[in-house]
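Reviewing the structure listed below.
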Amino acid sequence: MRSRLACVVVVLLFVAGTACPAQRQKHAYIQMERDADSELCVSASKAVEGLSEGMSGSLVKKFRDPRTRATSDLTVAGLTFYALRTQKFTALDQPAVERVREEELYRLDLDNDGSQEMITLVTGGHGAAGDGDTLYVLANDLLEAPQPVRNDEFINVRLEIGGRTHTFYGKELAFAPAYYMYPFAFRDRNYLLIEGNRAARPHYIVALVGEAGIQSRCYF
């Protein structure tokens, strides 16, 4: 009896141990490639230079600060940056308590697979990394869902992108542990412009591929 109980405990521990990693997104380390002469990177560098002029070299005020951020899509040097939108939802808590929930989000085809996703954004506050963005690609598009929306749908996330899930590194690259992310379109494809939150402010261009793959395009 005791040996049988021990076996059951071992099996349960094994199941729990294998189930937990599946529920957590592993931290990804992505090596950036320079490739600064590509058409994409040259255009992106020009766009950043034009947008950040008079803003201490940062795009935060242009795209993140509620007082100054763009309220419509903005095209510069061939790149079209998507405007962040604010949407209110009626969310249903347990047990059956409705409340208004306000989300900052994008709705776009970030991985270029032909279908748009709802992507929520949280700015600032993940541990020692300090200010920066976290993007959450939701499993379901709640903009199309009838309200009230179940509250747990907002944490039903297909992919999280941010300082606590993705680290970018490369030769001569001044890495920032937290960063801001600005989705944009170039030549009918969508990408992310990533801006470090440190004084050096490195900029990375990445593409989202498949369910969770992020591919380097360039940095400058």
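The values are calculated or read from the model by the stated rules, or taken from the named source; none is laboratory data. Every value quoted in this text rests on a predicted model; they were computed, and no experiment measured them. Every residue, glycine among them, receives a Cβ derived from its backbone with ideal geometry; neighbour counts consider all protein chains shown.
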Could you list all residues from segment 74-107 that are part of a strand (DSSP E or B) and of a type in the set (A, V, I, L, M)?
Leu74, Val76, Leu79, Ala91, Leu92, Val97, Val100, Leu105
Consider only pairs whose beta carbons are under 6 Å apart and that are at least six residues apart or on different chains; among these, list those whose first residue lies in segment 101-125 and is without any contact (Cβ under 8 Å) to a residue 40 or more places away in the chain and whose second residue is of a type in the set (Phe, Trp, Tyr).
Thr120/Tyr136
Can you tell me which residue is surrounded by the fewest Cβ atoms within 10 Å (Cβ to Cβ) among those in segment 198-220 that are at pLDDT below 85 and under 20 Å from Thr120 (Cβ atoms)?
Glu211
Restrict the check to segment 126-143 and report whether at least one residue is under 30 Å from Ala96 (Cα atoms), out of contact with any Phe, Trp or Tyr (no Cβ under 6 Å at 6 or more places or on another chain), without any contact (Cβ under 8 Å) to a residue 12 or more places away in the chain and not acidic (Asp, Glu).
no
Only one residue in Ala36, Ala47 is small (Gly, Ala, Ser), at pLDDT 90 or above and surrounded by 11 or more Cβ atoms within 10 Å (Cβ to Cβ). Which one?
Ala47
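Would you tally the residues in segment 178-220 being hydroxyl-bearing (Ser, Thr, Tyr) and in contact with a helix residue (DSSP H, G or I) (Cβ under 7 Å, 6 or more places away or on another chain)? First the steps, then the outcome.
Step one: filter segment 178-220 for residues hydroxyl-bearing (Ser, Thr, Tyr), giving 179-180, 182, 191, 204, 216, 219.
Cutting the leftovers down to in contact with a helix residue (DSSP H, G or I) (Cβ under 7 Å, 6 or more places away or on another chain) gives us 180, 182.
Residues meeting the conditions: 2.
Conditions (1) in contact with a Ser or Thr (Cβ under 9 Å, 6 or more places away or on another chain); (2) of a type outside the set (D, E, K, R), marked per residue:
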site: Thr86; (1), (2): no, yes
site: Phe89; (1), (2): no, yes
site: Arg99; (1), (2): yes, no
site: Tyr106; (1), (2): yes, yes
site: Gln116; (1), (2): no, yes
site: Asp133; (1), (2): yes, no
site: Leu143; (1), (2): no, yes
site: Glu153; (1), (2): no, no
site: Lys171; (1), (2): no, no
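Considering only residues that are of a type in the set (A, V, I, L, M) and either assigned to a helix (DSSP H, G or I) or touching a residue at least 40 places away in the same chain (Cβ under 8 Å) (or both), look in segment 144-162 and name the one that is nearest to Val206 (Cα to Cα). Don't jump to the end; show me each part of the working.
Quick first cut of segment 144-162, residues of a type in the set (A, V, I, L, M) only: 145, 149, 155, 157, 159, 161.
After this cut, where a residue has to be either assigned to a helix (DSSP H, G or I) or touching a residue at least 40 places away in the same chain (Cβ under 8 Å) (or both) as well, the list is 149, 155, 159, 161.
On the way: Val149: 32, Ile155: 24, Leu159: 15, Ile161: 12 Å.
Within segment 144-162, the match that is nearest to Val206 (Cα to Cα) is Ile161.
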Would it be correct to say that Arg164 is in contact with a Gly (Cβ under 8 Å, 6 or more places away or on another chain), of a type outside the set (Phe, Trp, Tyr) and over 14 Å from Glu195 (Cα atoms)?
yes
Given the structure, is Glu103 surrounded by 15 or more Cβ atoms within 10 Å (Cβ to Cβ), touching a helix residue (DSSP H, G or I) at 6+ places or on another chain (Cβ under 9 Å), on the phi < 0 side of the Ramachandran plot and among the charged types (D, E, K, R)?
yes
Testing Thr86 on (1) at pLDDT 90 or above; (2) surrounded by 15 or more Cβ atoms within 10 Å (Cβ to Cβ); (3) among the polar types (S, T, N, Q), one condition comes back false. Which one is that?
(2)
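Is it the case that some residue within segment 178-192 is farther than 26 Å from Thr75 by Cα and surrounded by 15 or more Cβ atoms within 10 Å (Cβ to Cβ)?
Filtering segment 178-192 for residues farther than 26 Å from Thr75 by Cα gives none.
The answer is no; no qualifying residue exists.
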